[in-house]
Amino acid sequence: MLNFINGDWHGEGRDFFDITNPATGEVIGSMPNGTREDVRRAIDAADKAFSNWKELTAEERSHYLERFHQKIVERKEEIAHIITLENGKPLKESKGEVMYAASFVKWYAEEGKRIYGKTVPSKGADHRIQVMKQPVGVVAAITPWNFPAAMITRKLAPALAAGCTFIVKPPKETPLTAAKLMECAREAGIPAGVINMVITPDEAFSETIQQSEQVRKLTFTGSTEVGRLLMKQSADSIKNLSLELGGQAPLVVLDDADVEKAVEGTMASKFRNAGQTCICANRLYVQEGIYDAFVERLKEEVQQLKVGNGLEEDTDIGPLIHQEGLEKVEQHVRDAVKQGATIVVGGKEYESGIGGGTFFEPTLILDAEEGMLCMTEETFGPVVPVQKIHSDEEAVRLANDTPFGLAAYFFTESMSRGTKLAEALDYGIIGWNHGAPSTAQAPFGGMKQSGLGREGGAEGIEAFLETKYLSIGL
Ligand code: SIN
């Protein structure tokens, strides 16, 4: 596979790097290391394509997106297979991700038709004020490996629907999925230059983008550390920025919760993609009245999770993406034990017997406390630490005691307690008796150091629009 620029594949003569399967360590493909020149060519292509793309009617752009959606759905099995090979997640989750990715394209194919301006009552009788929306221009996107397809379409679909053109840099771990999406875009007849993909080292991409006046917006999903750096770099050209950054999600179970609902929600939130999602429950706070019953049921469920190669039918937990991720998880577990926590299930690297894989056992930790790494940093692995709590106030205090604010979850059957909790939690996404809140219809994004802006829903298209007003003298 090669870089996709101006509707064609480029990259002959470049150095190639290998892509490995995290379940086996095997090389599954290779991609060219793109250069700054490749990025500049992609910018020029996107800039050139912008003048025609923005002039299309919303209806015309919608037709292109509909066809793109259809192509992704038609190739669901093939794309899912690639996701599992390069990311490691179980095939059933990969198929779910392809449909999740496609859902953004479908939703924004419609939403693009609802980019409304407005007429505002003016101050004087002698003029009128009209507010209109226009595309921001060329958009650059940097996407992560944990959702190799969906994190591209969640940015790409609203950008295209708004009339912007797009350049994506997928991560080096999962570029093959991105290439499949480019093939779908080409098959859908999306005009050359409207979507481009370059695979370059991180700095080559971000520095070239930041230096360009043609690129008006940068949208990024990844760590807070990198987000901070991009924000600083963006200062010179005052780029419009959207940042989806780290999470550190608390999950609270109050003593009037439905135990089954709470366990089901915890499993759904925590173990998706082996715990490698920004919104997965990172730390649990369980009230004393329900603690024993909840922990007992959770333990049964965690024990049943099957670890293995994602290509096997019954796998629930695939490998972690790389050795570095595995070491971080190990460090969190070691630190918890050192500080007095108790391992009830799992707790160590999983010996898969396949060789080369980076697996960690699904792990349940009790007696977790404030200050432990697993309660203060994003673990990004299949580890659930549980701390016993005594009141709603304590739950809110502990949950909010972090610089992050992406997602939080709580379980209670009380409308009154739940409403108060929802209002008190400083998070952009709240799951109330629900462990899987992500959907194309809703504005995904975080508060505090978890990011800027929202993706998904009506807010997700606003991120790609400029507001302009017209003051008309009569
Ligand atoms: C993420 O981990 O950043 C995305 C998760 C989701 O969309 O549900």
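The values are calculated or read from the model by the stated rules, or taken from the named source; none is laboratory data. Since the model is a prediction, treat every value here as computed from it, not as a measurement. Because the Cβ atoms are built from the backbone with ideal geometry, glycine has one as well, and the counts that use them run over all protein chains shown. When the accessible area is computed, the model is the full protein with side chains, heavy atoms only, and any ligands, DNA or RNA have been set aside. Shrake-Rupley method; radii C 1.70, N 1.55, O 1.52, S 1.80 Å.
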Relative contact order in percent for the chain (Cα pairs under 8 Å, 6+ apart) equals 19
Let's test the formula: R0 of 41 Å, r as the Cβ-Cβ distance of I238 and S30. What FRET efficiency results, to the nearest 0.05? 0.65
Residue-wise HN-Hα coupling along the range 284-298, computed from phi with Karplus coefficients 6.51, -1.76, 1.60 (Hz; x: Gly, Pro): 10, 10, 10, 6, 4, x, 10, 3, 4, 5, 5, 5, 4, 5, 5
Which far-off residues, 5 or more places away or on another chain, put their amide H under 5 Å from the one on K348, with H placed in the peptide plane? E361
In whole percent, how big is the carbon plus sulfur part of the accessible area of the range 249-439, probe 1.4 Å, protein atoms only? 47
Please work out whether the range 174-252 counts as rounded, prolate or oblate from its C-alpha gyration tensor, where a ≥ b ≥ c are the square roots of the eigenvalues and a/c under 1.5 means rounded, while otherwise a/b larger than b/c means prolate and anything else oblate? oblate
Length gained if I129 through A293 is fully extended, taking 0.36 nm per residue and subtracting the Cα-Cα distance, is 52.9 nm
With every protein chain kept in the model, how would you rank S51, S269 by accessible area, 1.4 Å probe, largest at the top? S51, S269
Largest to smallest principal axis extent of the C-alpha atoms in the chain, angstrom: 70, 64, 40
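Extension gain M231-K54, at 0.36 nm per residue separation less the Cα-Cα distance, in nm?
61.0 nm
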Tabulate in residue order the Karplus-calculated ³J(HN,Hα) for the range 183-197, using 6.51 cos²θ - 1.76 cosθ + 1.60 with θ = phi - 60°, rounded to whole Hz; enter x for Gly and Pro. 4, 4, 5, 5, 4, 6, x, 4, x, 3, x, 5, 10, 9, 9
Alpha-carbon centroid distance for the pair the range 409-474 / the range 387-405, whole angstrom: 20
Expected unfolding gain across E187-E351 under the 0.36 nm per residue rule, minus the alpha-carbon gap, is 54.8 nm
Listed by chain and number, the residues whose amide H is under 5 Å from that of I28, excluding neighbours fewer than 5 places away on the same chain and using placed H, are I19, T20, N21
Once all protein chains are kept in place, I142 shows an accessible area at probe 1.4 Å, nearest 10 Å², of 20
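Local charge sum around P32 (other residues, Cβ-Cβ under 9 Å, Lys/Arg +1, Asp/Glu -1)?
-2
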Pairing the Cα long axis of helix 259-271 with the longest principal axis of the chain, what angle in degrees results, from 0 to 90 and rounded to the nearest 10? 60
Hits among aspartates and glutamates - C-alpha to C-alpha of K54 under 15 Å, sequence gap 8 or more where chains match: E466
Please list Y108, Y100 from largest to smallest accessible area, probe radius 1.4 Å, with all protein chains kept in place. Y100, Y108
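Starting from the Kirkwood Rh over alpha-carbon pairs, what translational D in µm² s⁻¹ does the range 156-309 have by Stokes-Einstein at 10 °C and 1.306 mPa s?
Diffusion coefficient, whole number: 84 µm²/s.
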What is the ratio of the Cα radius of gyration of the range 249-439 to 2.2 N^0.38 Å, where N is its residue count, to two decimals? 0.97
Pairs of alpha-carbon atoms within less than 8 angstrom and 6+ residues apart define the contacts here; what relative contact order does the range 249-439 have, in percent? 29
Out of residues 5 or more away from A149 or on other chains, whose amide H comes under 5 Å of its own, with H placed 1.01 Å from N in the peptide plane? none
By how many degrees, between 0 and 90 and to the nearest 10, does the Cα long axis of helix 91-111 differ from the longest principal axis of the chain? 40
Orientation-averaged projected area, Cα convex hull of the range 1-94 (nm²): 7.8
Please list 3J(HN,Hα) in residue order for the range 445-454, calculated via the Karplus relation 6.51 cos²θ - 1.76 cosθ + 1.60 where θ = phi - 60°; whole Hz, with x for glycine and proline. x, x, 9, 6, 7, 8, x, 9, x, 10
Check: the range 249-439 dipole with +1 on Lys, Arg Cβ and -1 on Asp, Glu Cβ, in debye: 240
Leaving out ligands and nucleic acids, note down the accessible area per residue over the range 249-439 with a 1.4 angstrom probe, in whole Å². 39
Selection of GluC sites (Glu not before Pro), the range 377-474, meeting DSSP coil and at most 13 other Cβ within 10 Å: E413
Out of all DSSP beta bridges with both ends in the range 249-439, state the antiparallel percent to the nearest 5. 15
